[in-house]
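Here's the structure we're looking at; comments come further down.
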Amino acid sequence: MNSKIWYPYTQMKNMKEPYEIVDAKGVYLYTKDNKMIDSVSSWWCMIHGYKNPEITEAIKKQADKFSHVMLCNLSHAGALEFADKLASYLPGNLNHVFFSDSGSVSVEVALKMAMQYFVNKGQKREEVLSLTHSYHGDTFKTMEVGDDEDYHFAFSKKENVTHIDTNIEQLEEIFKAKGESFYCMIVEPLLQGAGGMRMYDVSFLQRARELCNEYGVLLIFDEVATGFGRTGNRFVADLVEPDIICLGKALTGGYIGHAATVASDKVYEAFLGDNYETALMHGPTFMGNALAMAAGLKSLEIFERENYLSKIKNIEKIAKRELKDYKNPNLKEVRVLGACIAFEAKNSQKLEGFQDFAYKHGVFARTFLNIQYAMPPYIITEEELVKVINLMKAWWE
């Protein structure tokens with residue numbers, strides 16, 4: 001394809017023509033000749049769907065004042081209010097909000113915080129514990145702690161990183177062997193997204209928290225994808241409290257790219273001192289962007305007011321009902337967690353052509369690896385959700 005746009009995760013030489021979107025509203029995307037349900041919420045971020053009038057108005061209202069000011073030597077009401085809101089909304093001592101501009105950067109910041117935490121305390125710890133099949137972003141440090149060769153095979157060198165399965169016995173063994181060398185353990189809690197929509201039990205996280213406490217290791221939750229309800233919880237951090245949490249995607253309802261790394265009191269206090277040597281020397285240009293703050297505040301207001309957790313529970317209930325006892329010889333497993341539905345195929349080649357099949361039936365869908373999945377906007381109706389699920393099943397019949 002001859003394009004001036006360099007598209008992501010795509011071999012440009014043989015990329016098929018993308019669908020050109022001319023409008024979007026609610027759960028629907030519109031091309032010149034088609035209307036389709038967005039079953040993946042534009043990479044899992046558009047939790048309110050498109051053209052939400054309240055979020056749109058909040059952005060317009062802020063733009064009439066100013067669109068952006070740097071968050072260094074300057075501040076503004078939106079950033080102060082959103083930071084306060086997040087701190088009050090998150091559990092426990094997750095009280096200190098560092099804004100950035102993407103999920104990958106929020107994880108970079110978290111890793112930087114964790115590493116410098118021990119430097120500031122005069123301790124030498126140089127290793128990270130992470131999960132197999134993990135994905136934390138495409139920047140260099142996030143690629144290093146991740147374990148997804150399908151995305152990062154060209155950058156396969158892993159220094160000072162240990163990967164383990166979500167197995168409690170293996171977790172205990174690795175902590176016993178080298179727990180005092182880890183400066184952090186980082187996980188996508190309960191749901192590993194880009195590594196294959198892998199789902200695991202909260203008991204693993206509970207034991208991880210105990211071991212991190214015992215060995216003095218900082219626990220980081222990458223909730224860029226799982227936060228704001230996707231697993232059926234507001235945050236998995238409500239079940240097990242980490243030392244640092246990374247947020248993105250739905251942080252602004254998907255309306256403007258932004259992210260946040262939120263640290264506990266313990267982590268924050270390790271950076272307090274009389275000079276720059278203990279300060280966190282990091283500062284994305286667009287951190288605390290005024291338009292993003294306006295969108296985020298309104299998004300969170302809607303999430304609370306409209307009781308989105310009940311909407312998510314209903315999505316999960318419908319999905320489990322529609323998929324009860326569903327099996328197909330080409331499928332290894334069907335999984336449902338919160339507002340995430342995943343079909344794991346035995347052979348990834350069996351998924352070739354599914355996107356065009358979905359398009360012809362009024363659904364926008366993506367597959368990756370050997371996974372066919374749906375992560376719909378939370379405002380999806382029962383009729384629309386059943387249509388998406390039936391389409392996924394129809395592909396195998």
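Read-outs: derived from the displayed coordinates by stated rules, not from any lab. In this text the structure is predicted, and so the values were computed from the model without any measurement. All Cβ positions, glycine included, derive from the backbone under ideal geometry; neighbour counts span all protein chains shown.
Taking 2.2 N^0.38 Å as the expected size of a compact globular protein, what ratio does the Cα radius of gyration of region 56-305 give against it, to two decimals?
Rg over 2.2 N^0.38 Å, computed on Cα atoms: 0.99.
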Inset, instruction - Could you list which residues have their amide H under 5 Å from that of G195, counting only those 5 or more apart in sequence or on another chain, with H placed in the peptide plane? - result: Y135
Inset, instruction - Express in nm, to one decimal, how much length is gained between K13 and K121 on full extension, taking 0.36 nm for each residue of separation and deducting their alpha carbon distance. - result: 33.8 nm
Legend entry - Kirkwood Rh and Cα Rg combined as Rg/Rh, region 241-311: 1.07
Inset, instruction - Taking the Cβ of K85 as the centre, find all other residues whose Cβ is under 12 Å away and add up their charges (Lys, Arg: +1; Asp, Glu: -1). - result: -3
Legend entry - Inter-label distance for L272 and D84, nm, one decimal - labels placed 7 Å from Cα along Cα-to-Cβ: 2.0 nm
Legend entry - Per-pair calculated FRET efficiency, R0 = 22 Å: K65 and A24 via Cβ, rounded to 0.05: 0.25
Inset, instruction - Would you compute, for the Cα atoms of region 293-397, the largest minus smallest coordinate along each principal axis and list the three values in descending order, in whole Å? - result: 44, 27, 22
Legend entry - Residue of L280, L251, L94 that the Gaussian network model of the chain assigns the largest fluctuation, springs spanning Cα pairs under 10 Å: L280
Legend entry - Inter-label distance, nm, simple model (7 Å from Cα along the C-beta direction), T285/E383: 4.6 nm
Inset, instruction - Could you list which residues have their amide H under 5 Å from that of V363, counting only those 5 or more apart in sequence or on another chain, with H placed in the peptide plane? - result: I37
Legend entry - Rounded to the nearest 20 debye, dipole of the chain from Cβ charges on Lys, Arg, Asp, Glu: 1000 debye
Legend entry - Amide H contacts under 5 Å for G146, placed H, 5+ residues apart: H136
Legend entry - Sites D238 and I168, calculated FRET efficiency, Cβ-Cβ separation with R0 25 Å, nearest 0.05: 0.75
Legend entry - Global geometry of region 89-197, whether rounded, prolate or oblate, following the gyration tensor of its Cα atoms and the 1.5 cut on a/c: rounded
Inset, instruction - Go ahead and set up a Gaussian network model of the chain, Cα springs under 10 Å, then flag whichever of T261, T367, T31 fluctuates most. - result: T31
Inset, instruction - Find how much the distance from R207 to N34 grows on full extension, using 0.36 nm per residue of separation minus their present alpha carbon separation; answer in nm with one decimal. - result: 57.4 nm
Inset, instruction - Calculate the length of the line joining the C-alpha centroid of region 254-307 to that of region 163-199, in whole Å. - result: 26 Å
Legend entry - In Hz, Karplus ³J(HN,Hα) per residue of region 348-365 (6.51, -1.76, 1.60; θ = phi - 60°; x = Gly, Pro): 4, 5, 5, 8, 5, x, 5, 4, 5, 4, 5, 4, 5, 9, x, 9, 8, 9
Legend entry - Karplus-derived 3J(HN,Hα), 6.51/-1.76/1.60, for each residue of region 254-260, Hz, glycine and proline x: x, 7, 9, x, 6, 8, 8
Inset, instruction - Any chance you could check the Cα centroid distance between region 372-389 and region 19-69 for me, in angstrom? - result: 17 Å
Inset, instruction - Please say if region 45-136 is rounded, prolate or oblate, where rounded means a/c under 1.5 for a ≥ b ≥ c the square roots of the C-alpha gyration tensor eigenvalues, and otherwise the choice is prolate for a/b larger than b/c and oblate otherwise? - result: prolate
Legend entry - Residue of V109, V262, V386 that the Gaussian network model of the chain assigns the largest fluctuation, springs spanning Cα pairs under 10 Å: V386
